[in-house]
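J.: Handing you a structure now.
The values are calculated or read from the model by the stated rules, or taken from the named source; none is laboratory data. Bear in mind the structure is a predicted one, so any value in this text is a computation, not a measurement. Glycine also receives a Cβ, built like all others from the backbone with ideal geometry; neighbour counts cover every protein chain displayed.
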C-alpha cells in the first residue's frame, strides 16, 4: 500500500505518515524496516511469516513484508531495536543564480579549487541527461534507470557540478564527480527503505559526500543509524534543514535527517543575506547558503530557477568538495570545522537558530591566488562609472547587481537596481506585447535574479513571466476582471485576482477581489476542515496565505486554522477555547490560547471579554514587577498584552504608557508627581496629555478627570480660534486630540465633533 502526501510550499523534501492513520484489514501485509541490535536474525522474521525484501550492508537492518497482526509479537523481541513502517517520502518544487558570486566561488576556481576528484552521491530523484552535466555513475532503487524524471535531483546536481563551459550555468564544484542515486520516483515520492538503501549504496561505493536535499518531520531510528554509519566512515552528509520555517523565524522546525548531529543541516538565504521566509530554524542549523531563485539544470536540456533549502544544501555539498580538494590532509571532522569557521556571521553574533554559524564562503589556496594575480574588486565609484557608460538597462542592472554584492550597504546600488529593473521591465513588456516571448522571458528572469528587488516589481515581473512562458500577451485589467467574473470557484477567481494585482497594483478592484474571494474560500476551506478533510483545507489555507495582499484579519484567521489542520485537528468552539484557557496555570498561557481563539472567531463576545479580563490581570501583575524595578519582565508582559488581536482601548492605552516608562528603565510615576508636572506645563495640549496618562494610570483619582475636561475645554477654544483664521489642519489635529480623551464631558465632545466636521470641509465656524 502506497501512502500519498500533499506538501505545503516549495519543496520541503520528505514527509512520513504512519500507516496507523489508515484502516487496514488484519491479515494485510505491510512493509516495515526492522533494526536489530547487533546482527540480523532472519529466522526471527520468518517465524512470523515475514518476507525479507532487502538487507543493508552497513547497518543490521532489513526491509520486510509482514502481516500487521505479527508486529506486536515481533516488537517483544529483545534483539530488535526498532520496527518502523516503510513510509513514503516526497518532494515538491518551486525559483536565479546569484549565489555563485555571493559565496565567492570564482575566487576558489581562480586559485585552482574546483572539486576535482571528489565523489558526491546526489540521493534524490536521479539525474537527467543534460549537456551541462557529466554523470559519473549511479543506481536506482525505484526503476530500471537512475535518469531523473522529476527534475529536482537534476537541479540539485547542477548547483553542485554543472560544467564550466560556454552555456547554461555553472556548479560550485564543477569538476567533482557526481553520482545519481535515485530513491524517489517521477512524482518525487518513494519509500524510506529506498532512501536508506541509497545511503547504504553511497557508503559501500566510497562516496566522499552525500547530498540529501530532502527532509521529514519525524524521527526514524533506521535513518539515524545509516547516516551515523556514513559519518563514522568519514563521509560528510549534507541535508536540507527544511522549508517549514515560520515567517517570523521562531521555533525549532528543522527536519530529519538534518536534525541528527552527524548531519550538516543547511538553511536558505536570499540575495540580501536575509533568511528565506520558508527556511527552517532551530539549534541544529549548522550553516546557511543561497536558496532563493537559484538557476540550475533541469529536464529536457533546460534550465530553471527554483527555491528551497534543497538548493542551499546543494551549495554546501559543492563547497565541501572544494574544501576537501583544497585541504586533502584534513579529516572529515576537520573539514566540517573549517566549513563552520569560513562562514560570514549573520544574524545574532555566533551560531544561531536561523543561520547556524553563518553564510557559506568558498575556500581558496592563497599562494595560488597570489601567483595568478587575481585583480582586486572594483571600487563602488568605478562600478558607478560603468553604470554611467552603459547604454542599456540590462548593462546598468548587471553593474548595480555586482555593486550590491560587493557593497551591500551602499544604497546607491540598491536604488539603482530598482530603477534599472523598472526600466528593463518596461522594455521587456513591450517586447512581450510584440510577441517576442523569448526575449521577454530572458529579461524577466534577469530582473528576478536581482537582490533587493521591490516587491511590486518582483510581483509584476513574475506574473508577466508566467504569461510569456505560455506564449500569451499581457491581459488588460478589465479583461482580467471580466474573466474572474465568469469563473465558478473562489480558487479560480483568486488566481486571476493575484495576477491582476501583480500587473495593476494601483487598481483597487484587484485588492478588493482578493480579499472578498479569500474570505469566501476561507469559509469553504473551514467547512472541509470541520469535515475532517485536512489535506484539502491545508491546501486552500496555504493558497490564501500566498496572496500578494491580504486583510490582516483574514490572514491571522487563516494562519490559525492552518496550524490546526496541520495537526489533523478540528477547530475548537469558542466555549472549548475558554475552557482550555481556564485549565492553564498562568495568565500568559491563558491569553495565548485566547488570542488564537480570537483569530478563529474575531467577533465572539465571550472571547473578547475573556481576553480583556485576563489582560487586565496580567497588566496588574506586570505593574507590580515594574514597580519592583524588574523592567525587562514588565516590558515583556506589556508587549505581550499589546499583541492581543482585540483589546479594550483603556487597557491598551494604560499598557502603552507603562511600557514607555519600563523601556526607559523608569518606575511608574505617582499621581502626585503627574499632577505637579502637568501644572508646570505651559500649553493646554501638554497638560491634557499628562492628565490623560494620569487618568489611565489612576482612574479612581477624580483630579485627572477634572484636569482632562478643563484642559480639553481650553484647547477647544484655542483650536476654534485657529479654525476661524483658516488654519484648518492645525484645528483638525487639536480637535482629534481632544476627542481621544477618555471621560470627556458630553458638551465638549459634541462641540468638538461639530467643529471637526466643518474643519474637514474647510468651512469656518458659523
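J.: Can you name the residue in region 583-610 that is more than 28 Å from the chain's Cα centre (by Cα) and exposed (fewer than 15 other Cβ atoms within 10 Å of the Cβ) and is also farthest from residue 555 (Cα to Cα) among such residues?
T.: If we take residues in region 583-610 being more than 28 Å from the chain's Cα centre (by Cα) and exposed (fewer than 15 other Cβ atoms within 10 Å of the Cβ), then 585 is farthest from residue 555 (Cα to Cα).
J.: Between a first residue in region 128-140 that is closer than 14 Å to residue 184 by Cα and a second residue that is at pLDDT below 90 and part of a strand (DSSP E or B), which pairs have beta carbons less than 7 Å apart while being 6 or more apart in sequence or on different chains?
T.: none
Results for (1) crowded, with 22+ Cβ neighbours inside 10 Å; (2) in the same structural domain as residue 307 (by TED's automatic domain parsing); (3) modelled with pLDDT of 90 or more; (4) farther than 16 Å from residue 311 by Cβ, shown as yes or no for each residue.
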{"position": "137", "(1), (2), (3), (4)": "no, yes, yes, yes"}
{"position": "148", "(1), (2), (3), (4)": "yes, yes, yes, no"}
{"position": "153", "(1), (2), (3), (4)": "yes, yes, yes, no"}
{"position": "156", "(1), (2), (3), (4)": "yes, yes, yes, no"}
{"position": "164", "(1), (2), (3), (4)": "no, yes, no, yes"}
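J.: Is there a residue in region 547-558 that is part of a loop (DSSP other than H, G, I, E, B) and surrounded by 19 or more Cβ atoms within 10 Å (Cβ to Cβ)?
T.: If we filter region 547-558 for residues that are part of a loop (DSSP other than H, G, I, E, B), which is where we start, we get 547-551.
Narrowing the set further to residues that are surrounded by 19 or more Cβ atoms within 10 Å (Cβ to Cβ) leaves 547-548.
Checked region 547-558: at least one residue is part of a loop (DSSP other than H, G, I, E, B) and surrounded by 19 or more Cβ atoms within 10 Å (Cβ to Cβ).
J.: Can I ask one more? Going through 129, 169 one at a time, which residue ends up being surrounded by fewer than 23 Cβ atoms within 10 Å (Cβ to Cβ), farther than 30 Å from residue 64 by Cα and out of contact with any helix residue (DSSP H, G or I) (no Cβ under 8 Å at 6 or more places or on another chain)?
T.: Details: 169 fails: out of contact with any helix residue (DSSP H, G or I) (no Cβ under 8 Å at 6 or more places or on another chain).
Testing whether each residue is surrounded by fewer than 23 Cβ atoms within 10 Å (Cβ to Cβ), farther than 30 Å from residue 64 by Cα and out of contact with any helix residue (DSSP H, G or I) (no Cβ under 8 Å at 6 or more places or on another chain) leaves just 129.
J.: In the list 178, 160, which residue meets the criterion of being in the same structural domain as residue 319 (by TED's automatic domain parsing), under 28 Å from the mean Cα position of the chain (by Cα) and either in a strand (DSSP E or B) or crowded, with 24+ Cβ neighbours inside 10 Å (or both)? Before the answer, list the steps.
T.: On the way: 178 fails: under 28 Å from the mean Cα position of the chain (by Cα).
Every option except 160 fails the conditions.
J.: Please work out if residue 258 is closer than 16 Å to residue 356 by Cα and touching a helix residue (DSSP H, G or I) at 6+ places or on another chain (Cβ under 6 Å). Explain how you work it out, then say what you get.
T.: On the way: closer than 16 Å to residue 356 by Cα: yes; touching a helix residue (DSSP H, G or I) at 6+ places or on another chain (Cβ under 6 Å): no.
Here the answer is no, as residue 258 does not meet what is asked.
J.: For residue 245, state whether it is at pLDDT below 90 and either surrounded by fewer than 24 Cβ atoms within 10 Å (Cβ to Cβ) or under 20 Å from residue 356 (Cα atoms) (or both). So that I can check it myself, show each step before the final result.
T.: On the way: at pLDDT below 90: yes; either surrounded by fewer than 24 Cβ atoms within 10 Å (Cβ to Cβ) or under 20 Å from residue 356 (Cα atoms) (or both): yes.
Judged against the criteria, residue 245 is a match.
J.: Would you confirm whether any residue within region 433-444 is over 25 Å from residue 510 (Cα atoms), within 28 Å of the chain's Cα centre (by Cα) and surrounded by 21 or more Cβ atoms within 10 Å (Cβ to Cβ)?
T.: yes
J.: Let me ask something else about it. Any idea which residue in region 274-290 is surrounded by the most Cβ atoms within 10 Å (Cβ to Cβ), counting only those that are over 14 Å from the mean Cα position of the chain (by Cα) and at pLDDT below 90?
T.: Among residues in region 274-290 that are over 14 Å from the mean Cα position of the chain (by Cα) and at pLDDT below 90, the one surrounded by the most Cβ atoms within 10 Å (Cβ to Cβ) is 284.
J.: Please state which one of 321, 265 is crowded, with 24+ Cβ neighbours inside 10 Å, in a helix (DSSP H, G or I) and touching a strand residue (DSSP E or B) at 6+ places or on another chain (Cβ under 7 Å). If you could, list the steps in order and put the result at the bottom.
T.: Numbers: 265 fails: in a helix (DSSP H, G or I).
After applying the criteria, what remains is 321.
J.: Consider residue 716 carefully, then state whether it is over 26 Å from residue 625 (Cα atoms) and not assigned by TED's automatic domain parsing to the domain that holds residue 631.
T.: Values: over 26 Å from residue 625 (Cα atoms): yes; not assigned by TED's automatic domain parsing to the domain that holds residue 631: yes.
When the stated conditions are applied, residue 716 passes them.
J.: Give the residue that is surrounded by the fewest Cβ atoms within 10 Å (Cβ to Cβ), with candidates limited to residues of region 729-743 that are assigned to a helix (DSSP H, G or I) and touching a helix residue (DSSP H, G or I) at 6+ places or on another chain (Cβ under 6 Å).
T.: Initial filter on region 729-743 (assigned to a helix (DSSP H, G or I)): 729-739.
If we keep only those that are touching a helix residue (DSSP H, G or I) at 6+ places or on another chain (Cβ under 6 Å) too, we end up with 730-732, 734-735, 738-739.
Numbers: 730: 16, 731: 26, 732: 18, 734: 24, 735: 26, 738: 26, 739: 14.
Within region 729-743, the match that is surrounded by the fewest Cβ atoms within 10 Å (Cβ to Cβ) is 739.
J.: Take residue 637 and decide whether it is part of a helix (DSSP H, G or I), within 28 Å of residue 731 (Cβ to Cβ), within 35 Å of the chain's Cα centre (by Cα) and not assigned by TED's automatic domain parsing to the domain that holds residue 734.
T.: Here the answer is no, as residue 637 does not meet what is asked.
J.: Would you check if there is a residue in region 337-344 being at pLDDT below 95, touching a strand residue (DSSP E or B) at 6+ places or on another chain (Cβ under 8 Å) and surrounded by fewer than 17 Cβ atoms within 10 Å (Cβ to Cβ)? Don't jump to the end; show me each part of the working.
T.: Initially, region 337-344 is screened for residues at pLDDT below 95, giving 337-344.
Cutting the leftovers down to touching a strand residue (DSSP E or B) at 6+ places or on another chain (Cβ under 8 Å) gives us 339-340, 343-344.
Retained after the next criterion (residues that are surrounded by fewer than 17 Cβ atoms within 10 Å (Cβ to Cβ)): 340, 344.
Yes, region 337-344 has at least one match.
J.: Between 429, 415, 394, 420, which is crowded, with 21+ Cβ neighbours inside 10 Å and either assigned to a helix (DSSP H, G or I) or not assigned by TED's automatic domain parsing to the domain that holds residue 453 (or both)? Explain how you work it out, then say what you get.
T.: Numbers: 429 fails: crowded, with 21+ Cβ neighbours inside 10 Å; 415 fails: crowded, with 21+ Cβ neighbours inside 10 Å; 394 fails: crowded, with 21+ Cβ neighbours inside 10 Å.
Step by step, each of 429, 415, 394, 420 is checked, and only 420 is crowded, with 21+ Cβ neighbours inside 10 Å and either assigned to a helix (DSSP H, G or I) or not assigned by TED's automatic domain parsing to the domain that holds residue 453 (or both).
J.: Would you mind stating whether residue 277 is in a strand (DSSP E or B) and within 22 Å of residue 401 (Cβ to Cβ)?
T.: On the way: in a strand (DSSP E or B): no; within 22 Å of residue 401 (Cβ to Cβ): yes.
Taking the combined requirement at face value, the residue does not satisfy it.
J.: Restricting attention to region 214-241, report how many residues are at pLDDT 90 or above, crowded, with 24+ Cβ neighbours inside 10 Å and not in a helix (DSSP H, G or I).
T.: 6
J.: Confirm whether residue 293 is touching a strand residue (DSSP E or B) at 6+ places or on another chain (Cβ under 9 Å), under 28 Å from residue 400 (Cβ atoms) and surrounded by 24 or more Cβ atoms within 10 Å (Cβ to Cβ). Before you say what the answer is, go through the steps one by one.
T.: Values: touching a strand residue (DSSP E or B) at 6+ places or on another chain (Cβ under 9 Å): yes; under 28 Å from residue 400 (Cβ atoms): yes; surrounded by 24 or more Cβ atoms within 10 Å (Cβ to Cβ): yes.
Judged against the criteria, residue 293 is a match.
J.: Mind checking whether some residue in region 744-766 is closer than 26 Å to residue 619 by Cα and in a loop (DSSP other than H, G, I, E, B)?
T.: Filtering region 744-766 for residues closer than 26 Å to residue 619 by Cα gives 744.
With in a loop (DSSP other than H, G, I, E, B) added as a condition, the list becomes 744.
Checked region 744-766: at least one residue is closer than 26 Å to residue 619 by Cα and in a loop (DSSP other than H, G, I, E, B).
J.: Please determine, by comparing only the residues of region 563-579 that are at pLDDT 90 or above and surrounded by 15 or more Cβ atoms within 10 Å (Cβ to Cβ), which one is farthest from residue 530 (Cα to Cα). Write out each step before concluding.
T.: To start, the set of residues in region 563-579 that are at pLDDT 90 or above comprises 570-579.
Those still in the list that are surrounded by 15 or more Cβ atoms within 10 Å (Cβ to Cβ) too: 571-572, 574, 577-578.
Numbers: 571: 7, 572: 9, 574: 14, 577: 16, 578: 19 Å.
Step by step, filter region 563-579, then rank; the result is 578.
J.: When you look at residue 647, is it assigned to a helix (DSSP H, G or I) and surrounded by 15 or more Cβ atoms within 10 Å (Cβ to Cβ), yes or no?
T.: Working: assigned to a helix (DSSP H, G or I): no; surrounded by 15 or more Cβ atoms within 10 Å (Cβ to Cβ): yes.
For residue 647, the condition - assigned to a helix (DSSP H, G or I) and surrounded by 15 or more Cβ atoms within 10 Å (Cβ to Cβ) - is not met.
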